[in-house]
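**Q** A single structure is presented below for examination.
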Amino acid sequence: MTRIKRAESSSALVCEAPAAGRKAVGVDAEIKASNLRRLSRIEGQLRGIQRMVEEDRYCVDILTQVSSAQEALRAVARSLMRNHLEHCASHAIRNGSAEERRAMYDELLEMIYKNAR
């Protein structure tokens, strides 16, 4: 897990990797609020898609809405990835031990692989 904390000499966010648990710390309130708004809209989209299926709507119309919801989810994922890269990954790569850097590289590769599909 990576924890974000304020650097002593600046307002920059930095990260550390505690032994147990995984929880984001120091997440920017504006980014969090934006992601929560997006997720609420996506939730509404999904309910709409469900109604479309229940009502036997035209398949192409349903698929269009599914594609729209997928793109909205990708936007949330990009926002989360950017935050992780700007804060946690950058700090681990610049300031971490060789082991911490390797672990971050592995984590980033796995994250990219999972989100590139």
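**Q** Taking Asp61 as the residue in question, decide whether it is assigned to a loop (DSSP other than H, G, I, E, B) and modelled with pLDDT of 90 or more.
**A** Numbers: assigned to a loop (DSSP other than H, G, I, E, B): no; modelled with pLDDT of 90 or more: yes.
Here the answer is no, as Asp61 does not meet what is asked.
**Q** Contact list please: Cβ distance under 9 Å, first residue in region 79-91 and closer than 10 Å to Met104 by Cβ and outside any helix (DSSP H, G or I), second residue modelled with pLDDT under 85 and of a type in the set (Lys, Arg), pairs at least six apart or on different chains.
**A** none
**Q** Then there's this: Note down all Cβ pairs under 9 Å where the first residue falls in region 25-52 and is within 16 Å of Arg82 (Cβ to Cβ), the second is modelled with pLDDT under 90 and among the small types (Gly, Ala, Ser), and they're at least six residues apart or on different chains.
**A** Once the first residue is within 16 Å of Arg82 (Cβ to Cβ) and sits in region 25-52, its partners that are modelled with pLDDT under 90 and among the small types (Gly, Ala, Ser) give Lys32/Ala24.
Let's see how each residue does on (1) surrounded by fewer than 12 Cβ atoms within 10 Å (Cβ to Cβ); (2) at pLDDT below 95; (3) outside any helix (DSSP H, G or I):
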site: Val27; (1), (2), (3): no, yes, yes
site: Ile31; (1), (2), (3): no, yes, no
site: Leu39; (1), (2), (3): no, no, no
site: Arg47; (1), (2), (3): yes, no, no
site: Met52; (1), (2), (3): no, no, no
site: Arg57; (1), (2), (3): no, no, yes
site: Ser67; (1), (2), (3): yes, no, no
site: Ala77; (1), (2), (3): no, yes, no
site: Glu107; (1), (2), (3): no, yes, no
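The values are calculated or read from the model by the stated rules, or taken from the named source; none is laboratory data. What you see is a predicted model; the values in this text were computed from it and never measured. Here the Cβ is made from the backbone with ideal geometry for all residues, glycine too, and neighbour counts use every protein chain on show.
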